[in-house]
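To start, the structure under review is shown below, and the notes come after it.
The values are calculated or read from the model by the stated rules, or taken from the named source; none is laboratory data. Remember, it's a predicted structure, so these values are computed and weren't measured experimentally. Note that we place each Cβ from the backbone using ideal geometry, even for glycine, and neighbour counts take in every protein chain shown. With ligands, DNA and RNA removed, areas are computed over all heavy atoms of the protein, side chains included. Shrake-Rupley method; radii C 1.70, N 1.55, O 1.52, S 1.80 Å.
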Amino acid sequence: MEECVEYGFKKISSKRWEFKHEKFQRGCRDMLVEITRKKCEPSVFPSYLKSSSEENAITSNNSMEESNNNSHQLLMEENKNLKKERLELQMQIAEFKSLEMKLLECLSQVMDNHQNKSRGQC
């Protein structure tokens with residue numbers, strides 16, 4: 001069977017495009033973070049012998065990792081802000097529900113008073 005070396009998935013059927021991984025299981029979303037890309041073996045060539053395309057690829061990979069880290073940080077911050085905003089909105093909803101109940105109670109008293117006055121006049 002073939003193996004997808006980068007992430008550790010193994011091909012389970014030679015006739016179908018189907019792979020498996022011990023950390024990839026239905027209902028276990030928390031395990032997905034454990035599936036990581038395997039590190040490449042460091043090159044045996046000294047850095048001064050590497051081609052410029054290899055150096056560019058390394059620089060590109062580093063900048064991509066930094067970009068991913070920055071994106072992750074921004075998403076975490078946005079998530080934090082959204083949670084805070086959600087809590088504030090929930091508090092406002094609770095306050096408005098309380099006001100609604102008070103208004104309905106007040107309206108009910110006014111209606112009762114109006115009905116009692118109408119009965120007294122007859």
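Here are the numbers for this structure:
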item	result
Count of region 110-122 residues which are open to solvent by 100 Å² or more (accessible area, probe 1.4 Å) and at pLDDT 90 or above	0
Residue identified as open to solvent by 90 Å² or more (accessible area, probe 1.4 Å), modelled with pLDDT of 90 or more, closer than 30 Å to Val33 by Cβ and within 29 Å of the chain's Cα centre (by Cα) among Glu77, Glu66, Glu85	Glu85
